[in-house]
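The values are calculated or read from the model by the stated rules, or taken from the named source; none is laboratory data. Nothing here was measured: the structure is a model prediction, and the numbers come from that model. Glycine gets a Cβ as well: all are built from the backbone with ideal geometry, and neighbour counts include every protein chain shown. Just so you know, the surface numbers come from the protein's heavy atoms only, side chains and all, with ligands and any DNA or RNA stripped out. Shrake-Rupley method; radii C 1.70, N 1.55, O 1.52, S 1.80 Å.
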Amino acid sequence: MNVSWASNEAVSVLIFLLPGFVAAGVFHSLISNPKPSGIDTIVRAFVFTIIVHVIARFIGLSLNAVELNILQNETWQITFLVTVSIILGLFSAYAWNNDLLHKRLRRLNVTRQSSYQSAQYSAFAFHRNCFVVLHLRGERRLYGWPREWPSRPDDQHFLIEDCEWLGDEERRQLEGVSHILVPASEVEMIEFLPSNLDSQRTE
């Protein structure tokens, strides 16, 4: 009897926390920051859980106000909560990747920080319409469009397209080469060159 009661309580707790873990999972799979571990994972999932339940409660009251009682069924409730958590995770990732919250807080002088995990990542994010010149070891310089750049400890490469080697007085195009993968350890300095490019460049 006690085992059954404990099992029911455990299932209820898991169902309550499920939306938070789903939202947190979606969020962390779409941002560049390292995934949290241990107690941080539980805390963030719990925060997402509270937000999901608040949103679901508000929507539920709105549906009841127009006499739509589809959330009376337990299966529909779980499906609805998971759907809300996925949407919340997607929106949170969008806001984080576009620095939306920190941008507003900087305007209010609340913080000087951005949502990005490093100064290098921030520099690329704030210069999305720029070509770059990578100054490599051995006084070599590579010019091109940055398709990807290091954002995680396990991804330490720059992916450059439309590449050209720059000399003191000339530029040498790389015929037949579409992209170059450059190890971050080879890069000593990065220059950003503004350019008027169409929106397809940032896709």
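Remarks
- Virtual paramagnetic centre 7 Å along Cα→Cβ of Gln120, amide N under 18 Å, in the range 159-184: 159-161, 180-184
- Separation between Cα centres of the range 28-45 and the range 71-142, rounded to whole Å: 14 Å
- Measuring r between the beta carbons of Glu9 and Leu100 and using R0 = 41 Å, the FRET efficiency lands at 0.60.
- Heavy atoms of Asp40 accessible to a 1.4 Å probe, total area in Å² rounded to 10: 80 Å²
- Computed extension gain for Gln113 through Arg57, at 0.36 nm per residue and net of the alpha carbon distance, reaches 16.8 nm.
- For the set Leu193, Leu90, the ranking by accessible area, highest first and with no ligand, DNA or RNA atoms included, is Leu90, Leu193 under a 1.4 Å probe.
- Amide H contacts for Phe131 (H built 1.01 Å from N in the peptide plane; partners 5 or more residues away or on another chain; cut-off under 5 Å): Leu193, Ser195.
- Sorted largest first by accessible area at a 1.4 angstrom probe radius, with every protein chain in place, the residues His127, His53 fall in the order His127, His53.
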